[in-house]
Amino acid sequence: MTPAERAKELLKIYCIDSPEKLVLEDIAFAENLIVDEEDLTNCLGKIQFKNDLALIKISSNISDPGQKKFTLAHEMGHYFNEKEIRNSIFYACTYKDINTYNFNKKFETDANEFASELLMPTSWFANATKRRPLNFELLKEVAAQFGTSLTATAIKYVKHGAYPAVLVLSKNGIVEWSFVNEAFPYSWLKKGYKVRKESSAFDYFAGKEMQLCDDIVPIHTWFSDDFNCPDVGELNEQNVAMPSYNSVLTILWEV
Ligand SMILES: [Zn+2]
């Protein structure tokens, strides 16, 4: 069973058919998972279980309720994904573990997939986003509707949304990771790519005011390393600053 299938099964068992009915703490309680908040340093959430006793701690320093909820769903993901294959686990999950798309830590990626499907079941997500133009205003609205984080919502959109899109997280002017929808025509955008001056994200890292509404940029701004990158052509780009992490989240889609 995949992490997403496990999340779907849980929603079915607890007869949850709308985002309003999903109370993670109630499911945790029914499953004998103890959930508590604590002043954690260096991580957003922790889980430890042994002999059917599981304890989850969520950082009391998370100010965004959506990030807090996604962190709890992520820790629950470790439990439901791994309880049958291990006798005991301990994880201290960092911002990067919880907010990165598909990097090389399988159990973190699986926990995120579980959390994404639990909080934003794909069919509900498709209904909430269909026939709506893509931009961060839509993603923020949907994140609020499902009570989850903007990054998790944007990742979900790139995976299952109506328009092929690309999500990029850059930090200190350098791309940390990108997630490209498989129907998008360009794909080569790797970690370490320097954010180009044509992008509004560049302004943010240069200490200038960043344009918040959507913008049109040359394709080579982001895909100059891609074999198929044309000399001319443009993309839509929109950015959101994440000052606590000196990062910018960028979404790109075709003009
Ligand atoms: Zn984790």
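The values are calculated or read from the model by the stated rules, or taken from the named source; none is laboratory data. Because the structure is a prediction, the values reported are computed rather than measured. No Cβ is skipped: glycine too gets one built from the backbone with ideal geometry, and neighbour counts run over all protein chains shown. When the accessible area is computed, the model is the full protein with side chains, heavy atoms only, and any ligands, DNA or RNA have been set aside. Shrake-Rupley method; radii C 1.70, N 1.55, O 1.52, S 1.80 Å.
Shape class of the chain from the Cα gyration tensor (axes a ≥ b ≥ c, square roots of the eigenvalues): prolate, since a/c reaches 1.5 or more and a/b is larger than b/c. In whole Å, how far is the Cα centre of segment 194-255 from that of segment 106-151? Taking the Cα centre of segment 106-151 as reference, the centre of segment 194-255 is 22 Å away. Put the Cα centre of segment 26-91 next to the Cα centre of segment 169-188 and the gap is 29 Å. Output the pairs from Lys57/Lys171; Lys50/Lys171; Lys156/Lys194; Lys159/Lys194 with a Cα-Cα distance over 31 Å in this structure; if there are none, say none. Over 31 Å Cα-Cα: Lys50/Lys171.
Along segment 70-82 the Karplus relation, 6.51 cos²θ - 1.76 cosθ + 1.60 evaluated at θ = phi - 60°, assigns HN-Hα couplings of 5, 5, 5, 4, 5, 5, 4, x, 4, 5, 6, 6, 10 Hz to successive residues, with x for each Gly and Pro. For the chain, the carbon plus sulfur part of the accessible surface works out to 50%, probe radius 1.4 Å. The order of the peptides 240-251, 144-155 by mean Cβ neighbours within 10 Å, most packed first, is 144-155, 240-251. For segment 38-82, a/c is not less than 1.5, where a ≥ b ≥ c are the root eigenvalues of the C-alpha gyration tensor, and a/b does not top b/c. That puts it in the oblate class. Taking Cα centre as origin and charging only the Cβ of basic (Lys, Arg, +1) and acidic (Asp, Glu, -1) residues, the dipole magnitude of the chain rounds to 280 debye.
Tell me the per residue accessible area of segment 3-122 using a 1.4 Å probe; a whole number in Å² is fine. On a per-residue basis, segment 3-122 sits at 50 Å². What is the sum of charges, Lys and Arg at +1 and Asp and Glu at -1, for the other residues whose Cβ falls under 11 Å from the Cβ of Lys96? Local net charge: -1. Local charge for Glu254 was computed over the other residues whose Cβ lies under 13 Å away, with Lys and Arg +1 and Asp and Glu -1, and equals -3.
Enumerate by residue number the GluC sites (Glu not before Pro) in segment 49-97 meeting two conditions: DSSP loop (anything except H, G, I, E, B), and at most 15 other Cβ atoms within 10 Å of the site's Cβ. Sites meeting the loop and neighbour criteria: Glu84.
Against the chain, whose longest principal axis is taken from its Cα atoms, helix 106-119 shows a tilt of about 90°.
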